[in-house]
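Reading through the structure tokens given below for one structure.
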């Protein structure tokens, strides 16, 4: 149901004038002119169709109805101020992390419960973006991007390395064989818009730079590319850090033993201010521990070829 409320500035002007007993005092408190207070009060009186003050030569006096109105209005403003203060405190106490969407979905989010077990009660606010650090409009405690790159005012700490290799669903290999790299001519190669040369680089390293696939599908987000691979649409260049669970549990297969295409490491970027705060530093250290565990438990891809 739509609320029928007077203008907020008019309410603020009346509440301040009524509480302080003076239009001038209200003007000083709100940082506006005496005339602005008078105008807002007249606007509110017009809206209410009743006077709020009795005007006298020596000042203004609240009407009896206005005193009852003030008794309701002042606590409402107090609650608004308290709610705003609590919200600001809650937001400022949260650890703000920004990470690429696919990395957040497939690697970071499944591990966040471990971090929160170490810091019970801590609020983590995770936002996803693929923009560079210099393009972000807001400040964050920890920013995760590829690297390490150099940005003024930020430190970069690599915590997770990875390679890329072709991956596909078992169902796809059941339908169409992959005995050698040349058999990719019969398949659909899945590309991501932001990584246009990954397949070209891998094919060149595999000695098949001139290979033309049966079809090509380009998707705008990498998590869509991986989902298309899981659904048997085609073959994707999968980063080992993000597909290791799928390989271990058989949802994806690596049809070739190699070659592996090196990729950029994931890095935690902290501003100079964040470097002085314990929680961002602790989160960076935790990322390093998780990255080490991921490397230790990384499963070497095993080929599966259909005859």
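The values are calculated or read from the model by the stated rules, or taken from the named source; none is laboratory data. Predicted model only: the values in this text are computed from it and were never measured. Virtual Cβ from ideal backbone geometry, glycine too; neighbours counted across all protein chains shown.
Results, tabulated for the structure shown:
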| item | result |
| --- | --- |
| Hits in region 10-28 - residues which are surrounded by fewer than 16 Cβ atoms within 10 Å (Cβ to Cβ) and in contact with a helix residue (DSSP H, G or I) (Cβ under 6 Å, 6 or more places away or on another chain) | 20, 24 |
| Subset tally (residues that are within 42 Å of the chain's Cα centre (by Cα) and either closer than 19 Å to residue 76 by Cα or not in a helix (DSSP H, G or I) (or both)) for region 19-43 | 6 |
| Residue within region 155-166 that is closer than 16 Å to residue 236 by Cβ, touching a strand residue (DSSP E or B) at 6+ places or on another chain (Cβ under 9 Å) and at pLDDT 95 or above present | yes |
| Hey, residue 111 surrounded by fewer than 19 Cβ atoms within 10 Å (Cβ to Cβ), in contact with a helix residue (DSSP H, G or I) (Cβ under 7 Å, 6 or more places away or on another chain) and either within 19 Å of residue 281 (Cα to Cα) or modelled with pLDDT under 85 (or both) or not | yes |
| Scope region 125-138; condition in contact (Cβ under 8 Å) with a residue 40 or more places away in the chain and in contact with a strand residue (DSSP E or B) (Cβ under 7 Å, 6 or more places away or on another chain); matching residues | 133 |
| Single match in 224, 270 (criterion: without any contact (Cβ under 8 Å) to a residue 40 or more places away in the chain, within 30 Å of residue 95 (Cβ to Cβ) and either in contact with a helix residue (DSSP H, G or I) (Cβ under 6 Å, 6 or more places away or on another chain) or surrounded by 13 or more Cβ atoms within 10 Å (Cβ to Cβ) (or both)) | 224 |
| Residue that is nearest to residue 254 (Cα to Cα) [pool: residues in region 181-195 that are part of a loop (DSSP other than H, G, I, E, B) and touching a strand residue (DSSP E or B) at 6+ places or on another chain (Cβ under 8 Å)] | 187 |
| Residue in region 165-172 that is surrounded by fewer than 14 Cβ atoms within 10 Å (Cβ to Cβ) and either without any contact (Cβ under 8 Å) to a residue 60 or more places away in the chain or not assigned by TED's automatic domain parsing to the domain that holds residue 257 (or both) present | no |
| Boolean, residue 83 is at pLDDT 85 or above, under 26 Å from residue 14 (Cα atoms) and either touching a helix residue (DSSP H, G or I) at 6+ places or on another chain (Cβ under 9 Å) or not assigned by TED's automatic domain parsing to the domain that holds residue 193 (or both) | no |
| Strands (runs of 3 or more DSSP E) wholly inside region 70-178 that include at least 1 residues being more than 20 Å from residue 272 (Cα to Cα) | 124-128, 154-160, 163-167 |
| Residue in region 86-103 that is exposed (fewer than 12 other Cβ atoms within 10 Å of the Cβ) and over 20 Å from the mean Cα position of the chain (by Cα) present | yes |
